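The values are calculated or read from the model by the stated rules, or taken from the named source; none is laboratory data. In this text, all values refer to a predicted model and were calculated from it rather than measured experimentally. Here the Cβ positions follow ideal geometry from the backbone for every residue, glycine too, while neighbour counts run over all protein chains shown.
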């Protein structure tokens, strides 16, 4: 064989060997991928083409006692514009008409929108913000505008939806209802939202999605798919009318007295149901808003409202009677090196124990309680402990203030401690804790636990019902209770609360005025600040509601006594709840509109919760309630007027069409 042929043959063998070796390596690698590393590669491929997506659960609603919405989740939309995907012809033809429509809807000149759209086009902005937090009806309106109606590709229309929590009552009762934590989306820690977060939040689901193109995913069947479980609804004890009355009565007084902050609680005597809680604090600009839950969380020296508790202890122990005489001298005495004074110049002289409470004599109480218990102060503080006033009530709302009731042996204790406690100093309690005791007096001695929730529901089924809880069946003998009730009634009739007296409506209660920084006279003289309060119940006979009003730091130049600052708030609330004819007329009007719905909570609730493909009957519902219900069903809602729904443009029972418009005429 010639050398050339031999060389060629050797080369062929070499190439063939190389190809065989390469094929062998490929085969080995394939075997490695298939049987050794196969699971890892398959997982990687699945990761890039499939993903598990969280399906959020619908958060439950918070309702008032009549079914009115206090908090609800509604869809909101953010609109953006992709200026790159739109071709030049479509952009130029639609720029002017689109800008005009945006001007009509959002208020700025059409030229403004032309400029920002042109700038986005030249800068190749693919994510220009157009609007945010739009309701469903406004989202549909924007979607139908020139250019945007061409969709995401030809029209550059981008819409991103999210669910937000809304309060139909606005800022009223905001701290009680609770808000989403600013720094932790989806988490609630305050108010009813925080207390019942677990019940309201439900359980999220999971769904498998497969990638079908760049940025586009579609759901695929997965036997491990988990459907979300919607949150339960919470039916509170709050009454929207009483809440509105309490809020505005407190606001009016805070503004008039230029106070720092204040709170109001209205409780149903027999059940302990909280019907209203208002908390208002001053903002930097001088206005007032629901700053903190003072009613539940703020412990402070109660001042003279504690005298009722002190007298109840003494009467129950029979160490004195309402007729027991005490010498208050000329309005100023010294006890254990400390000066004690009464508000009346010249003093009250010798007065009865009942009169001492009626006129709120500090000297009278200091002498009576110290005289009866100085040798055994523990007997006095032990009785307070029997009523659990040294402990938190134990409500589910986060942030209840810690009461402070010192006793012999504590760091706060001294010879002055007992006299100071007798008239409301050297101890701390929250407004809710004080009201719980006054409510027990109104309830003939039965102390019930304050509660904020009637029941928890899932759709139309009861999950949990909250019944009245008795903390102490009888705090004192009926004789003691009767005597305290009589004195509290006389306080309004002829005592410190006589300016609240009305011939047509009876009230009972106790005024309170406490000096802030009481223990440091020098500091207090530099900046005289007070806490004014009034605690009581109404009507005086067969009480229906108890109420406490506390206002911190009213302007000393305008007034600071409880009778002047907080008493009028109490009176205004009591009279509006029970005797205000416009309120009765409003209730009557609502009943006439839809008596069966408004008076039958079960029917109302079933309607509000119904998820249907048909138009519901919303006549008689509050306008904001109707909007939340209908928008969640995919309807565009337009309101005309204010108040409750008198007429709806779409008939009940009609099939719902996505984006369909419904006009509600309100009362």
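Looking for something surrounded by 17 or more Cβ atoms within 10 Å (Cβ to Cβ), in the same structural domain as residue 317 (by TED's automatic domain parsing) and under 25 Å from residue 320 (Cβ atoms) - is there at least one such residue anywhere in region 391-402? No, that holds for no residue. Exactly one residue out of 428, 462, 478 is farther than 22 Å from residue 308 by Cα and either out of contact with any helix residue (DSSP H, G or I) (no Cβ under 8 Å at 6 or more places or on another chain) or at pLDDT below 95 (or both): that is 462. Just so you know, in region 112-128 the residues that are loosely packed, with under 14 Cβ neighbours inside 10 Å and within 43 Å of the chain's Cα centre (by Cα) include one that is modelled with the lowest pLDDT, and it is 127. Check off (1) part of a loop (DSSP other than H, G, I, E, B); (2) more than 26 Å from residue 546 (Cα to Cα) for residue 402 and give me the number that stays unchecked. So the condition that residue 402 fails would be (2). One residue alone among 142, 84 is surrounded by fewer than 19 Cβ atoms within 10 Å (Cβ to Cβ) and in contact (Cβ under 8 Å) with a residue 12 or more places away in the chain, and that residue is 84. Might you check whether a residue that is more than 26 Å from residue 476 (Cα to Cα), without any contact (Cβ under 8 Å) to a residue 40 or more places away in the chain, in the same structural domain as residue 534 (by TED's automatic domain parsing) and crowded, with 18+ Cβ neighbours inside 10 Å occurs anywhere in region 319-332? Scanning region 319-332 turns up at least one residue that is more than 26 Å from residue 476 (Cα to Cα), without any contact (Cβ under 8 Å) to a residue 40 or more places away in the chain, in the same structural domain as residue 534 (by TED's automatic domain parsing) and crowded, with 18+ Cβ neighbours inside 10 Å.
Kindly evaluate residue 109 against the criterion of being touching a helix residue (DSSP H, G or I) at 6+ places or on another chain (Cβ under 8 Å) and surrounded by fewer than 16 Cβ atoms within 10 Å (Cβ to Cβ). Answer is yes for this residue. Look at region 51-63: where a residue is in the same structural domain as residue 462 (by TED's automatic domain parsing) and surrounded by 23 or more Cβ atoms within 10 Å (Cβ to Cβ), no partner that is in a strand (DSSP E or B) and at pLDDT 75 or above sits 6+ places away or on another chain with Cβ atoms under 6 Å. For region 351-397, a residue qualifies if it is more than 30 Å from residue 178 (Cβ to Cβ) and outside any helix (DSSP H, G or I), and the qualifying residues are 351, 352, 359, 360, 361, 374, 375, 376. Whether any residue in region 30-37 is in a strand (DSSP E or B) and either under 30 Å from residue 141 (Cα atoms) or modelled with pLDDT under 70 (or both) is what I want to check. The answer is no, given that none of the residues of region 30-37 is in a strand (DSSP E or B) and either under 30 Å from residue 141 (Cα atoms) or modelled with pLDDT under 70 (or both).
Residue-wise test of (1) within 23 Å of residue 78 (Cβ to Cβ); (2) within 27 Å of the chain's Cα centre (by Cα); (3) modelled with pLDDT of 70 or more.
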position: 190; (1), (2), (3): no, yes, yes
position: 213; (1), (2), (3): no, no, no
position: 223; (1), (2), (3): no, no, no
position: 228; (1), (2), (3): yes, yes, yes
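Pairs linking a residue in region 404-415 that is outside the structural domain of residue 429 (by TED's automatic domain parsing) to a residue that is assigned to a loop (DSSP other than H, G, I, E, B), with Cβ atoms under 7 Å and 6 or more positions apart or on different chains, do not occur.
Just so you know, in region 375-392 the residues that are free of Cβ contacts under 8 Å to residues at least 60 places away in the same chain and in contact with a helix residue (DSSP H, G or I) (Cβ under 7 Å, 6 or more places away or on another chain) include one that is nearest to residue 497 (Cα to Cα), and it is 390.
Is one or more of the residues making up region 412-427 under 30 Å from residue 229 (Cα atoms) and surrounded by fewer than 17 Cβ atoms within 10 Å (Cβ to Cβ)? Looking through region 412-427, none of the residues is under 30 Å from residue 229 (Cα atoms) and surrounded by fewer than 17 Cβ atoms within 10 Å (Cβ to Cβ).
Just one of the listed residues (438, 530) is on the phi < 0 side of the Ramachandran plot, assigned by TED's automatic domain parsing to the domain that holds residue 407, crowded, with 16+ Cβ neighbours inside 10 Å and at pLDDT below 95, and it is 530. The listed residues are 310, 354, 372, and the only one of them that is touching a residue at least 12 places away in the same chain (Cβ under 8 Å) and under 39 Å from the mean Cα position of the chain (by Cα) turns out to be 310. Applying the criterion of being in contact with a strand residue (DSSP E or B) (Cβ under 7 Å, 6 or more places away or on another chain) and surrounded by fewer than 18 Cβ atoms within 10 Å (Cβ to Cβ) to the residues of region 335-348, the residue that is farthest from residue 479 (Cα to Cα) is 339. The selection criterion, being under 33 Å from the mean Cα position of the chain (by Cα), farther than 26 Å from residue 339 by Cβ and surrounded by 21 or more Cβ atoms within 10 Å (Cβ to Cβ), does not hold for residue 505. Taken over region 457-492, the criterion of being in a strand (DSSP E or B) and buried (at least 18 other Cβ atoms within 10 Å of the Cβ) is satisfied by 457 alone.
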